[in-house]
Amino acid sequence: MDIKVSLDNITMTAYVKTNRLHLLKKLVENHVAIIVTNAMTDLFNASTKAEGHVILKIDYDKRKGQAFHARPFRLEFNPNKLRPIDKKIIETIIPCLEDISISRADLAFDLFEVDCSEFVLEKKGRPTATKEFRSNLGKLETKYLGASRSEKQIRLYNKKIEQLENGTPAEKEFAKHFSHWWRLEFQLRNRSVEEIFDIINTIIFKPFDFTDLPVETQIYLVAYTRDKNVWKKLHRNTRTKYKKILESYKTSEIDYLELLKELLKHERPRLEKELAYFGGRAP
């Protein structure tokens, strides 16, 4: 078993310094790696690509920014997929910006050689929108906590299958090396980005193994984790009782959530440094 943590997606928004707008436009229009799809006086859309996949997405729309009282410049990328040339472009762009804000950041835990198809993923506290997809055998393939457009969404999915279906040739070859590869991902937007190192404390994440508990208890826990429509019909006191059991009961010798927390604690300085840099606050 191996577990890694990284920032998986970053969206930066900012204002462009008045005396640097010309330099920024010149970079976008003339850089050999940047593909411009739209360019006007107060607007441009551009990107860099590798093997047909977008690496950097660069957008500027002064009029839209003024109309919505928003930062007009936007840069989207996955830090894990940046090539040296993409990093150089970002290093050139950042000094042209001011009032930089990270409007989206994804924190990703990759679990290698761990089969999470029989894991519990639930949110502590108040219930949230839940959607999941299972195989014909009833095994979990993907689960979402929170709506896609909400400030916080948590996802657990089979990363190996996703890479084999959608990855580049190199990514597909990498995925083939593992029997299991799952990803637990926290997508945070706007002010919720500030909670990136604390949101892991809001979930329950453990193998689904309650065979030593009474059958009645197992039935309630299956309803809680598999059928929210049935679960919400139960009395509030009943729901509270079994939620506590789900959270506290030790289902495995390995405390996977605690492992993730320890890894995050260890890697936090590195991740904070990345966030600070992309937020324009690095020295």
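The values are calculated or read from the model by the stated rules, or taken from the named source; none is laboratory data. Fair warning: this is a prediction, and the values are worked out from it, not measured in the lab. Note that each Cβ is placed from the backbone with ideal geometry, even for glycine, and that neighbours are counted across all protein chains shown. The accessibility values were calculated without ligands, DNA or RNA, using every heavy atom of the protein model including side chains. Shrake-Rupley method; radii C 1.70, N 1.55, O 1.52, S 1.80 Å.
Could you give the C-alpha radius of gyration of the stretch 88-146 expressed as a fraction of 2.2 N^0.38 Å, taking N as the number of residues it contains?
1.80
With label points built 7 Å along Cα→Cβ from the Cα atoms of Asn136 and Asn30, find their separation and express it in nm.
Here the modelled spin labels are 6.0 nm apart.
Would you work out the Kirkwood radius for the chain? I mean one over the mean of 1/r across all pairs of different Cα atoms, in Å.
About 21.1 Å, per the Kirkwood formula over Cα pairs.
Could you check how much of the accessible area of the stretch 160-280 is carbon and sulfur, as a whole percent, using a 1.4 Å probe? Provide the component values of the computation, followed by the final result.
Numbers: 3710 of 7210 Å².
The value for the stretch 160-280 is 51 percent carbon and sulfur by accessible area.
Using only protein heavy atoms and a 1.4 Å probe, report how much of Thr128 is accessible, in Å² to the nearest 10.
50
List the longest stretch of the chain that has no exposed loop site; here a site is one of the GluC sites (Glu not before Pro) assigned by DSSP to anything other than H, G, I, E or B, with at most 10 other Cβ within 10 Å.
On the way: sites that count: Glu51, Glu253.
So the longest stretch without any such site is 52-252.
Using Cα pairs closer than 8 Å and at least 6 residues apart in sequence, work out the relative contact order for the stretch 88-146, in percent.
Relative contact order here is 25 percent.
So which aspartates and glutamates pass the test for Lys62, namely a Cα distance under 18 Å, with those fewer than 8 places away in the same chain ruled out?
Glu29, Asp42, Glu76, Glu98, Asp99
Of Thr48, Ile35, Thr18, which is farthest along the charge dipole of the stretch 10-65 in the positive direction, counting Lys and Arg as +1 and Asp and Glu as -1 at C-beta?
Selected residue: Thr18.
With every protein chain present, what accessible area does Arg20 have (1.4 Å probe, heavy atoms only), rounded to the nearest 10 Å²?
80
Ratio of the stretch 90-201's C-alpha Rg to 2.2 N^0.38 Å, to two decimals?
Against the empirical 2.2 N^0.38 Å value, I get 1.25 for the stretch 90-201.
Taking H placed 1.01 Å from N in the peptide plane, check which residues at least 5 places from Ala147 or on another chain put their amide H under 5 Å from its amide H.
So Ala147 has HN proximity to Ala129.
Per residue, how large is the accessible surface of the stretch 149-225? Use a 1.4 angstrom probe and give square angstrom.
Heavy-atom SASA per residue in the stretch 149-225 reads 50 Å².
From zero outward in steps of 10 Å, how is the percent of C-alpha pairs of the stretch 123-188 spread across the bins?
Whole-percent P(r) values from 0 Å outward: 20, 42, 30, 8, 0.
Using a 1.4 angstrom probe and counting only protein chains, how large is the accessible area of His177 in Å², to 10?
130
From the phi of every residue in the stretch 187-194, what ³J(HN,Hα) in whole Hz does the Karplus formula 6.51 cos²θ - 1.76 cosθ + 1.60 yield, where θ is phi - 60° and glycine or proline is x?
These are the phi-based 3J(HN,Hα) values: 9, 10, 10, 6, 5, 5, 4, 5 Hz.
Could you work out what % of the accessible surface of the stretch 32-139 is carbon and sulfur, using a 1.4 angstrom probe and leaving DNA, RNA and ligands out of the count?
After summing per-atom areas, the C and S share lands at 52 percent.
Could you pull out every one of the lysines with an alpha carbon less than 24 Å from that of Lys172, ignoring same-chain neighbours closer than 8 positions?
Lys4, Lys49, Lys57, Lys81, Lys87, Lys139, Lys143, Lys159, Lys160
About the Cα centre of the stretch 1-130, how large is the charge dipole given +1 on each Lys and Arg Cβ and -1 on each Asp and Glu Cβ? Please answer in debye to the nearest 20.
Working: 20 positive and 18 negative charges, 159 e Å.
Dipole magnitude for the stretch 1-130 comes out near 760 debye.
Can you work out the accessible area per residue across the stretch 58-128, with the rest of the protein chains kept in place, probe 1.4 Å, in square angstrom? Before the final figure, lay out the partial values.
Values: 3410 Å² over 71 residues.
Solvent-accessible surface per residue comes out at 48 Å².
Determine the order of Leu43, Leu260 by accessible area, beginning with the largest, at a probe radius of 1.4 Å.
Leu43, Leu260
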